[in-house]
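Engineer: What follows is a structure written as structure tokens; I'll ask about it next.
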Amino acid sequence: DDNPGEDLALLSTDGKISKSYSLKSSSYKRKPVAELRSVYANGFEDNDAAKKVIEDLQEKLATCYATQLKKTELAGSGQMLIQLKVDGEGKLTDTELLHSEVADDKVASCAKKNLGKGAFPKAASDSASVNVAIYYTFRDQ
């Protein structure tokens, strides 16, 4: 190797290089992501369908984060917990931010707005809820 010390190598038990990683940060592109840590749907006629609505919005949630990071690098990263309430007709009645470690409030506002666009199934009775735990972070590519 012409540039020793610029790669990190994983060695197999026989001493051969099994995987090599560059130590140059310019070799990687950091992509903002929204990892759905948990989606808990309760009280719907079909709880799994309600969870699927949230899962289908994951890319839009990541876009909320990426958009704000372009404006300011101070958005930070971390966990966000949002609760949605839906009525017996499947209409969203409330979206509440329960917790956020993300410094930029606009990320939460955007996430709430996008989660509210979901087409939810009907609640089994008068109301149902979905708790969504999102982790905003970066992934190297």
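Engineer: Tell me, which helices (runs of 4 or more DSSP H) lie completely within region 47-141 with 2 or more residues that are of a type in the set (K, R) and surrounded by 13 or more Cβ atoms within 10 Å (Cβ to Cβ)?
Structural biologist: Working: elements: 47-56, 58-71, 105-115.
Result: 47-56, 105-115.
Engineer: Which members of region 105-136 meet the condition of being polar (S, T, N, Q) and either in contact with a Gly (Cβ under 8 Å, 6 or more places away or on another chain) or under 11 Å from L57 (Cα atoms) (or both)?
Structural biologist: Selection gives N114, S125, S127, S129.
Engineer: Quick check on my filter: what residues within region 35-46 are open to solvent by 40 Å² or more (accessible area, probe 1.4 Å), under 15 Å from S127 (Cα atoms) and in a strand (DSSP E or B)?
Structural biologist: Result: Y40, N42.
The values are calculated or read from the model by the stated rules, or taken from the named source; none is laboratory data. Bear in mind that the values here come from a model prediction, so they are computed numbers and not experimental data. Heads up, the Cβs are rebuilt from the backbone with ideal geometry, glycines too, and the neighbour counts pull from every protein chain shown. These area figures cover heavy atoms from the full protein model, side chains too; ligands, DNA and RNA do not enter into them. Shrake-Rupley method; radii C 1.70, N 1.55, O 1.52, S 1.80 Å.
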